Every structure is written in structure tokens, then in C-alpha cells.
Amino acid sequence: MKLQNVFSLALFFMVSLAFAALPDINERFQDTRLIVYPKNGERVDSTVAAELRARLARSAELRGIVDRRPTGKGVFTVSVDGEGLATGPDSPPVGSEWCYVRLKEDGSGELLASKKHLLYGLYARLRDDAGIFAASKLSQGILITSPFKVIIGEDGFYGRRRRFSRGYDAEETIRELARMGCSHVVANALALPYPVEDGPEGEVYYRFYQYAPDLDMYVETRLNKGTYPPEILKANMNFLKEQARLADRYGLTPGMYMANPRSMPESFWQKYPWLRGARVDHTFRAFRPRYNLTVVHPLARWHYAEMLKKMLKAVPELGFMVTLINDSGSGFEYTESLYPGRNGGPYLVREWRPDDVIARKAAENIIRYYHTLRDAAHEMNPDFHIITGLKNIAEEAEIILNGLEKGIDLSARTQRYDAPSQQKRRAELQKRGSNIFTHATAKGSPYIKGIPSPWETCENLQQQINQQARHINVDVEPGSLVPRDINREIVMAVQFNNLQQPDSFISAVAKRWVGKELDDTLVSIWKQVDRVKKNVPDMGLYAASGFTWYRIWDRPLVPDIAKIPEKKRAYYEDYLLAVFNNPNRVDLQADALWDLYTLEQCEKNIRIYDTKVWAGLDSAIEKTALVTASLEQGQKALPIFTDLRDRLKAWRCYLMTLRNTCAWISGVHGYMSASTAAVRSRKKELLQEMIELELKNTKDLLVLWRQTDVEFMPIYRYGENGHDYGPNFGDCLEKKIALMQKYADFAPYIDPDYMWRLPQESGLGISPKEYLKY
């Protein structure tokens with residue numbers, strides 16, 4: 001899709017920001033006497049009509065109508081195309097989504113969108129940025145065409161495990177997603193803050209059931225009736241209804257993110273052992289094996305089809321289902337990437353078959369299962385889509401791709417999808433009615449909230465347009481935790497205004513937020529942070545979910561972690577994604593049998609942090625500090641700069657801990673593998689520098705934690721868990737500081753036999769000296 005062709009507003013937008021039309025628009029709405037919307041239309045019709053009256057046309061009457069639309073002066077219509085109420089543009093674009101606004105001098109006019117998800121965002125443009133609409137053009141009508149047909153807006157909280165984070169406001173998230181023009185949102189967070197799944201003492205695998213709940217967490221069939229307490233199913237269903245209706249009220253289509261097909265509890269297998277499918281747990285994180293249903297058996301497929309139909313009957317707003325494959329307690333039989341390896345029930349493949357035969361059988365089983373779900377869903381909702389990602393099932397992916405068709409889409413989970421082979425694949429799938437969802441991020445950090453990177457965000461979205469992506473996932477910050485986010489403004493501008501030159505738009509937003517005296521300063525800070533962001537090393541696991549899984553921020557970085565008694569490490573090890581003998585407890589490079597980072601990667605990362613990150617970031621922090629010091633209470637720019645200052649300080653602390661984690665790996669492993677005294681000496685110096693830096697960094701973080709009101713990181717309101725820190729985070733930092741000060745001077749060491757240790761409570765009475773010699 002060519003950028004210059006997708007918006008009739010493209011050139012006009014930038015120049016029109018220079019002179020405000022808001023007073024004239026307000027005057028016109030003062031003459032609006034009646035706002036009408038279809039009484040039996042989309043819920044968003046009444047939402048927008050009510051807000052329009054409350055904010056812009058306060059003297060108008062609000063009326064939902066069923067048949068004939070009133071006409072004449074002062075009558076303003078709000079609707080979605082196809083509801084038979086609005087006139088609309090003369091020549092709406094074919095094959096693209098669009099929205100249309102017309103406001104005459106007598107207060108009459110209309111808001112109209114081709115799809116419901118664009119209606120609230122169009123209203124919000126009138127409410128917030130009326131200066132972009134020239135009054136003369138409004139009289140004739142302004143048509144806006146959107147580059148993306150579907151945007152799944154993902155804030156990481158609404159339908160996810162962080163739903164119960166401190167300060168999180170669900171409705172504010174939905175309002176923001178609608179304002180940006182997002183069309184879909186995952187809504188199926190569990191109603192309770194912790195999962196039903198449990199496990200043996202010391203196990204950590206149950207934690208992965210806190211998110212992506214399967215269908216059986218909401219409904220049951222005759223096959224599994226009574227497997228889970230009815231109160232829990234009822235609570236989850238009621239919460240899902242609430243979440244779905246909230247999304248629908250603002251024009252978004254709610255959906256589900258599910259690890260599917262997921263494991264069943266042991267009580268089920270005692271009744272139906274012959275329906276056992278694959279073992280799907282992670283063998284180094286689970287002390288009890290988990291198995292799911294064999295969907296090879298038609299009874300199991302009936303079971304899932306019935307559950308999905310029950311879901312759609314109970315929550316008709318649901319429009320899609322994203323599946324997580326071969327992870328978090330889910331998987332398909334005999335696929336190679338199951339954590340325990342290829343395995344499954346007795347019905348798919350007999351023993352001693354070659355890998356290619358097994359892979360083909362496994363893939364065909366997956367395709368048949370998805371067709372079963374799709375067909376069942378289409379009985380209730382012909383537009384329902386299943387979106388599946390094949391990242392965790394690469395060995396069978398090609399065969400599965402050939403079975404994707406209408407109603408079954410592919411989540412690529414990658415930003416780039418423009419190679420010739422990928423474009424060919426996109427064209428093939430589109431012919432069969434299947435879409436490809438690519439990924440873009442509008443977040444400056446995977447963990448710290450509200451880091452501005454507007455130019456990079458624009459580049460990310462521009463790349464999607466250039467590669468002709470029409471269906472995308474976009475990661476954004478939640479509005480309640482990041483009230484002012486320039487990255488979200490970019491998403492909105494691209495979806496509604498086709499942002500080709502970001503500089504003018506970014507400057508206009510800055511001027512609106514802080515005034516013309518400080519707008520250039522704010523833009524210069526954003527630009528500096530954007531440049532720093534592009535230089536930050538990609539730390540992968542430790543920078544994102546692994547940052548809390550492995551307690552990177554509150555575990556003490558000392559040369560010999562095992563020297564710290566286990567009782568003193570318990571404050572963070574109780575929540576660590578590492579069982580008693582996982583080497584990660586004493587070795588930051590390792591996780592089970594994985595080496596997470598090489599020494600070469602860590603040494604390169606350290607150089608990048610020290611030469612390309614700190615100077616620019618420190619300068620940006622200093623600028624925000626100088627501005628906040630110069631402002632007085634009550635000035636509108638003060639909260640903007642204060643918020644930004646504290647987020648940047650938090651980001652620096654986060655990045656410094658990641659840098660020091662690299663230094664720990666390079667220092668400890670480099671020391672232990674060194675063949676000369678000179679190398680060992682250099683590695684000890686590196687570790688000593690790291691300890692000094694991390695102690696200062698942690699103290700700075702503790703001061704920030706105690707002083708700021710900014711929610712710069714997710715905090716689970718019910719207390720820390722394996723996925724997030726809790727309100728006691730400051731106490732954990734104090735313990736880290738004390739332990740680092742006490743255990744800083746020991747020689748670097750990692751027990752090479754740590755994996756073979758026994759749990760203290762084993763009661764075997766066998767010394768490692770007795771068995772390690774074998």
C-alpha cells in the first residue's frame with residue numbers, strides 16, 4: 001500500500017496544526033440541537049454519542065432511533081457504516097477501512113466509520129485535536145483512510161497476568177486503544193489473581209498457568225464436568241463477560257489468548273486414562289508430569305468444539321482466539337519441540353516410525369484440530385478467527401501452513417515479513433482467506449513503563465505499511481500507568497492521519513502538553529532518548545519476562561553467590577524460576593541446560609552500554625532535572641517533566657543492572673576459565689567495578705522507589721510472585737544491598753556440580769561426596 005494514496009488528509013494535516021480551529025468547531029456544536037444514533041446498532045454508537053454530547057454539544061438532546069432519521073439544522077448523526085443512518089462520503093475507498101466527519105455551520109453533520117473500531121478514535125480527534133480539522137473542509141466532509149485493517153492492541157495487562165497490577169485501570173486502557181484506532185484486544189484474564197494449578201513442593205511450573213487460560217477455565221462439557229470448582233468457572237466467565245462488554249462498548253472486538261490444548265489435572269486421568277495425549281510440561285521446571293487430551297480422538301475434538309461454542313454463546317462479543325502452542329502447559333502430540341520431546345497417545349502414530357512420517361502425522365493432526373475449532377466457532381459467529389503462531393513448532397510448520405485457510409490466521413510475531421519467500425507466503429495465504437499478523441512495538445522498553453521512542457515507533461509502523469501488512473499486533477503502554485505517552489500518539493497519528501513526517505507532529509504534541517516555552521526542550525529530550533534506545537543492546541530473555549522470572553533486579557551480584565546462605569537468599573529465590581538444583585541459582589549465564597549468553601556477547605554488551613548509552617541517557621536525565629527544578633507548582637509542564645525524569649532514572653537503573661549482569665558473567669566465568677594470573681586479575685577488577693556500580697545503582701533505585709509517585713514498573717497489588725515484583729520491592733532492594741556489601745570480597749566461583757545436589761528436605765542422608773565420584 002502506498003502511503004501517499006491512503007489518506008486524503010495526509011498533506012493537510014501537518015499544515016493545519018499551525019492554526020487552531022477549535023473555537024469555530026465549538027461554536028458549531030453549540031448549534032447542535034439533536035444527536036442521534038441507531039438504538040439497535042453497535043454499542044460504540046451510544047458511547048460516542050453520549051460523550052460527544054457531554055464534551056462538545058452540551059445543549060443537544062440525545063436520542064437513539066430505530067427507523068427514520070430526523071433531518072434539518074442542528075441534527076448530528078453518529079453511526080457505523082451499514083446501519084442505514086448516515087449519508088457518508090460520496091466515494092468511500094474500496095478495500096480499506098475509513099472514517100468520515102462532517103460538521104456544518106448550523107451544527108448538523110455526522111460521524112461515520114466503516115468499522116466500529118474507528119468511531120471512537122474519530123470522535124477523540126474532534127475532542128482533543130480539533131485544530132487538525134479546518135472548518136471550511138469540515139462543512140464539506142473529511143474522509144480519513146486507515147492503513148491497517150486490524151490492529152490487536154496489546155498493553156500486556158488487560159487480558160494478561162498483570163491485570164491486577166497496582167494503579168491499573170482497565171477502562172482507561174480500552175479508551176486509549178480505541179482512541180488510537182486499535183480494533184481488537186485480548187480480554188481473557190483470570191478473575192482470580194493466582195491460578196488453580198498447583199504442584200509439588202519446590203516446583204515452579206504451576207506459575208505458567210497464571211495466564212493464557214484454556215477454554216476449560218470457563219466452561220465444561222459432559223466429559224470434564226466437575227474437574228474444576230464451579231465457583232471458579234463462574235467467576236472467570238463473569239469476569240470475561242465484563243471485560244468483553246467493556247471492550248465492545250468502545251468499538252473493540254474482544255478475544256482470547258489461550259495455551260491450547262492445555263494439560264488436564266490428575267483427577268481427570270484417573271477416570272479417563274485412555275484419553276491421555278502428550279506430556280507437555282518442562283522437565284526441568286516441573287516435578288509432576290502434565291498431560292493434555294489427545295485431540296486425535298474424536299471425543300476430545302467434540303469436547304473442545306462444544307466448549308468453544310458454549311463460550312461464544314455466553315460471550316457473543318468474542319471475535320478471535322490466539323493460541324499459544326507447545327508452551328506453558330500446552331502442546332500437540334508428537335511434535336518435535338515439546339519440552340519432553342516427541343511423545344503422545346496411542347492413536348496417532350505407531351512406534352519406530354521415521355521422523356518425517358511422525359512430523360507429517362503430527363502436523364495433519366494440528367490442522368484437523370484447528371479446522372474443528374474454526375467450524376464450531378463459525379456455527380456461532382461466521383467472522384470468528386483463530387490466530388496461531390508456529391514459532392514453537394517450527395519442525396512441522398510448513399505442513400501446517402499449507403492447511404491454513406479462511407478463519408485460521410498466522411501470527412508471525414516478527415516485525416519484518418518482507419523477504420520474497422515471505423511475501424509469496426502472504427499472497428498464498430490471502431488467496432485461501434488466511435491473514436498474517438506481523439508485530440510492531442510502540443514501547444521504549446520491554447519492562448520500564450513510558451520510555452519515549454517516537455521516531456523508532458514511527459519507523460516500526462512505517463515498516464509494516466511498506467511491507468503491505470494490513471493485520472498487525474502493536475505493543476503499547478497502558479494509559480493508566482503512563483498517562484502521557486508520545487509513542488501512543490504516534491500510533492494514533494499513523495492510523496488516523498498517515499504520519500509521513502513525524503517531526504512536525506511530535507513538536508505539535510509537545511507544544512500542546514508543555515506550552516511553546518518548553519516544547520523544543522521536551523522534543524530534544526525525546527530525540528535524545530530515542531537515539532539511546534536504538535543503541536541499547538538486545539538482551540533478550542533477561543530484558544523482558546526473564547527480568548522478573550530470574551529476579552535480576554533484586555538478587556545480589558556477588559562473585560560467589562553460593563557463599564550466601566540459602567535462608568538469606570530466600571527473599572528472592574522463593575520467586576525465582578529455578579528449582580533447587582537449577583544452576584541459575586548460582587550462575588547467571590545458565591538456566592537448566594542452557595547457556596543464556598556467551599562471554600563474547602556479554603563483553604560486547606558492556607562496551608556498548610559504556611560507550612553508547614550512558615552519556616546520552618545521563619544528559620537527557622539532567623535536562624529533565626533542570627527543567628523540573630525551574631518550574632513551580634501548578635505549571636502544566638511540571639508533571640510532564642517530573643514523570644519523564646523519574647521514568648528515565650528508573651530506565652537507567654534497569655539498564656545498569658543488565659549491564660552489570662553481563663559483567664558478572666564475563667567476570668566470574670572469565671576468571672574461572674583463565675589460564676594466566678594476568679587474566680584472572682583483570683576479571684577480578686571487572687567484578688570489583690561491577691559491584692561498586694551495582695551497589696550505587698541499587699541505592700539510587702531505592703531512593704527513587706521511595707520518593708516517586710510514578711508507576712515506572714509493573715507492581716502486583718496482591719504481593720510479589722514469579723512474574724512480578726510486589727509492593728515490598730524496596731525491602732528486597734535493602735536486602736540485596738546488605739548481602740552485596742557482606743559477600744563482595746569472596747573469590748569468583750561456580751559449583752560445576754550444582755545440578756547434582758539434593759534438596760535439603762530429601763532426607764536421604766547421602767553426602768554428595770559419596771555419589772559425585774560416579
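The values are calculated or read from the model by the stated rules, or taken from the named source; none is laboratory data. Given the structure is predicted, the values throughout are model-derived calculations rather than measurements. In this analysis, Cβ positions are derived from the backbone assuming ideal geometry, glycine residues included, and neighbour counts consider all displayed protein chains. Calculation scope for accessible area: heavy atoms of the full protein, side chains included, ligands and nucleic acids excluded. Shrake-Rupley method; radii C 1.70, N 1.55, O 1.52, S 1.80 Å.
Condition test on Lys649, is it in contact (Cβ under 8 Å) with a residue 12 or more places away in the chain, crowded, with 21+ Cβ neighbours inside 10 Å and out of contact with any His (no Cβ under 8 Å at 6 or more places or on another chain)? Show your work before the answer.
Working: in contact (Cβ under 8 Å) with a residue 12 or more places away in the chain: yes; crowded, with 21+ Cβ neighbours inside 10 Å: yes; out of contact with any His (no Cβ under 8 Å at 6 or more places or on another chain): yes.
In short, yes.
Among the residues of segment 532-543, are any in contact with a Pro (Cβ under 7 Å, 6 or more places away or on another chain) and not aliphatic (A, V, I, L, M)? If you could, list the steps in order and put the result at the bottom.
Of segment 532-543, the ones in contact with a Pro (Cβ under 7 Å, 6 or more places away or on another chain) are 543.
In the following step, the residues that additionally are not aliphatic (A, V, I, L, M) were identified as none.
No.
In segment 22-59, how many residues are in contact (Cβ under 8 Å) with a residue 40 or more places away in the chain and either in a loop (DSSP other than H, G, I, E, B) or open to solvent by 60 Å² or more (accessible area, probe 1.4 Å) (or both)?
Qualifying residue count for the region: 11.
Yes/no per residue for (1) modelled with pLDDT of 95 or more; (2) within 18 Å of Arg162 (Cα to Cα):
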| position | (1), (2) |
| --- | --- |
| Glu201 | no, no |
| Asp214 | yes, yes |
| Tyr218 | yes, no |
| Pro230 | yes, no |
| Lys234 | yes, no |
| Arg249 | yes, no |
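Could you go through segment 724-731 and let me know if any residue there is under 21 Å from Lys449 (Cβ atoms), free of Cβ contacts under 8 Å to residues at least 60 places away in the same chain, small (Gly, Ala, Ser) and not in a helix (DSSP H, G or I).
Taking every residue of segment 724-731 in turn, at least one turns out to be under 21 Å from Lys449 (Cβ atoms), free of Cβ contacts under 8 Å to residues at least 60 places away in the same chain, small (Gly, Ala, Ser) and not in a helix (DSSP H, G or I).
Of all residues being among the hydroxyl-bearing types (Ser, Thr, Tyr) and in contact with a Gly (Cβ under 7 Å, 6 or more places away or on another chain) in segment 198-220, which is nearest to Lys313 (Cα to Cα)? Just the residue, please.
So the residue we want is Tyr209.
For segment 522-554, which residues satisfy the criterion of being under 26 Å from Asp724 (Cβ atoms), in contact (Cβ under 8 Å) with a residue 60 or more places away in the chain and small (Gly, Ala, Ser)?
Ala543, Ala544, Ser545
One residue is enough: does segment 388-410 have a residue meeting the conditions closer than 30 Å to Ile715 by Cβ, touching a helix residue (DSSP H, G or I) at 6+ places or on another chain (Cβ under 9 Å), open to solvent by 30 Å² or more (accessible area, probe 1.4 Å) and not hydrophobic (A, V, I, L, M, F, W, C)?
Checked against the condition, which is being closer than 30 Å to Ile715 by Cβ, touching a helix residue (DSSP H, G or I) at 6+ places or on another chain (Cβ under 9 Å), open to solvent by 30 Å² or more (accessible area, probe 1.4 Å) and not hydrophobic (A, V, I, L, M, F, W, C), segment 388-410 yields at least one hit.
Looking at segment 232-257, I want the residues that are open to solvent by less than 30 Å² (accessible area, probe 1.4 Å) and have a partner that is basic (Lys, Arg) with Cβ atoms under 6 Å, at least 6 apart or on another chain. Which pairs are those?
Sorted first by the residue in segment 232-257, then by its partner, the pairs are Asp248/Arg43; Gly251/Lys116.
Checking the condition in contact with a helix residue (DSSP H, G or I) (Cβ under 8 Å, 6 or more places away or on another chain) and free of Cβ contacts under 8 Å to residues at least 40 places away in the same chain, which residue from Pro195, Pro147 passes? Give the derivation first.
Numbers: Pro147 fails: free of Cβ contacts under 8 Å to residues at least 40 places away in the same chain.
Unique residue meeting the criteria: Pro195.
Give segment 174-184 a look and list any residue that's part of a helix (DSSP H, G or I) and surrounded by 24 or more Cβ atoms within 10 Å (Cβ to Cβ), or say none.
Ile174, Glu176, Leu177, Ala178, Arg179, Met180
Please go through segment 481-512 and pick out each residue that is open to solvent by 30 Å² or more (accessible area, probe 1.4 Å) and either in contact with an Asp or Glu (Cβ under 6 Å, 6 or more places away or on another chain) or under 25 Å from Phe712 (Cα atoms) (or both).
Residues of segment 481-512 open to solvent by 30 Å² or more (accessible area, probe 1.4 Å): 483-484, 500-501, 503-504, 507, 511-512.
Matches in segment 481-512: Pro483, Arg484, Ser507, Lys511, Arg512.
Count, please, the residues in segment 567-582 that happen to be open to solvent by 30 Å² or more (accessible area, probe 1.4 Å), in a loop (DSSP other than H, G, I, E, B) and either under 18 Å from Leu557 (Cβ atoms) or among the polar types (S, T, N, Q) (or both).
The qualifying residues number 1.
Would you point out the residue of segment 736-771, among those that are part of a loop (DSSP other than H, G, I, E, B), open to solvent by 40 Å² or more (accessible area, probe 1.4 Å) and among the aliphatic types (A, V, I, L, M), that is nearest to Glu694 (Cα to Cα)? Write out each step before concluding.
Pass one, segment 736-771, residues part of a loop (DSSP other than H, G, I, E, B): 743-753, 757-759, 763-767.
In the following step, the residues that additionally are open to solvent by 40 Å² or more (accessible area, probe 1.4 Å) were identified as 745-747, 749, 751-753, 757-758, 763-767.
Narrowing the set further to residues that are among the aliphatic types (A, V, I, L, M) leaves 747, 758, 764, 766.
Numbers: Ala747: 18, Leu758: 32, Leu764: 39, Ile766: 39 Å.
Among residues in segment 736-771 that are part of a loop (DSSP other than H, G, I, E, B), open to solvent by 40 Å² or more (accessible area, probe 1.4 Å) and among the aliphatic types (A, V, I, L, M), the one nearest to Glu694 (Cα to Cα) is Ala747.
What helices (runs of 4 or more DSSP H), lying completely within segment 387-476, carry at least 2 residues that are of a type in the set (Asp, Glu)?
454-466
Can you find a residue in segment 497-518 that is touching a residue at least 40 places away in the same chain (Cβ under 8 Å) and touching a Cys at 6+ places or on another chain (Cβ under 8 Å)?
Yes, there is a match, as at least one residue in segment 497-518 is touching a residue at least 40 places away in the same chain (Cβ under 8 Å) and touching a Cys at 6+ places or on another chain (Cβ under 8 Å).
Of all residues in segment 133-153, which are crowded, with 24+ Cβ neighbours inside 10 Å and outside any loop (DSSP other than H, G, I, E, B)?
Ile144, Ser146, Ile151, Ile152, Gly153
Might you check whether a residue that is farther than 30 Å from Leu599 by Cα, touching a Phe, Trp or Tyr at 6+ places or on another chain (Cβ under 7 Å) and of a type in the set (D, E, K, R) occurs anywhere in segment 704-724?
yes
List the pairs whose first member sits in segment 80-93 and is closer than 11 Å to Gly141 by Cα, whose second member is part of a loop (DSSP other than H, G, I, E, B), and whose Cβ atoms are under 8 Å apart, counting only residues at least 6 apart or on separate chains?
Gly88/Asp81; Pro89/Gly141
Name the residue, out of Arg285, Arg262, that is open to solvent by less than 30 Å² (accessible area, probe 1.4 Å), charged (D, E, K, R) and closer than 25 Å to Glu379 by Cβ.
Result: Arg262 is the single residue among Arg285, Arg262 that is open to solvent by less than 30 Å² (accessible area, probe 1.4 Å), charged (D, E, K, R) and closer than 25 Å to Glu379 by Cβ.
Of the residues that make up segment 444-461, is at least one among the small types (Gly, Ala, Ser), open to solvent by less than 10 Å² (accessible area, probe 1.4 Å) and free of Cβ contacts under 8 Å to residues at least 40 places away in the same chain?
The answer is no; no qualifying residue exists.
For segment 154-165, what are the residues that are part of a strand (DSSP E or B) and under 22 Å from Phe384 (Cα atoms)?
Initially, segment 154-165 is screened for residues part of a strand (DSSP E or B), giving 154, 165.
Hit for segment 154-165 is Glu154, nothing else.
Could you list, in sequence order, the residues of segment 72-128 that are under 18 Å from Thr145 (Cα atoms), of a type in the set (Gly, Ala, Ser), modelled with pLDDT of 95 or more and not in a helix (DSSP H, G or I)?
Matches in segment 72-128: Ser79, Ala113, Ser114.
What are the residues in segment 298-331 that are open to solvent by 20 Å² or more (accessible area, probe 1.4 Å), farther than 25 Å from Gly251 by Cβ and touching a helix residue (DSSP H, G or I) at 6+ places or on another chain (Cβ under 6 Å), if any?
Arg301, Lys309, Asp327, listed by residue number.
How many residues does segment 265-281 hold that are open to solvent by 10 Å² or more (accessible area, probe 1.4 Å) and among the small types (Gly, Ala, Ser)?
1
Quick one: in segment 350-372, which of the residues that are among the hydrophobic types (A, V, I, L, M, F, W, C) and farther than 15 Å from Ile400 by Cβ is most open to solvent (accessible area, probe 1.4 Å)?
Trp352
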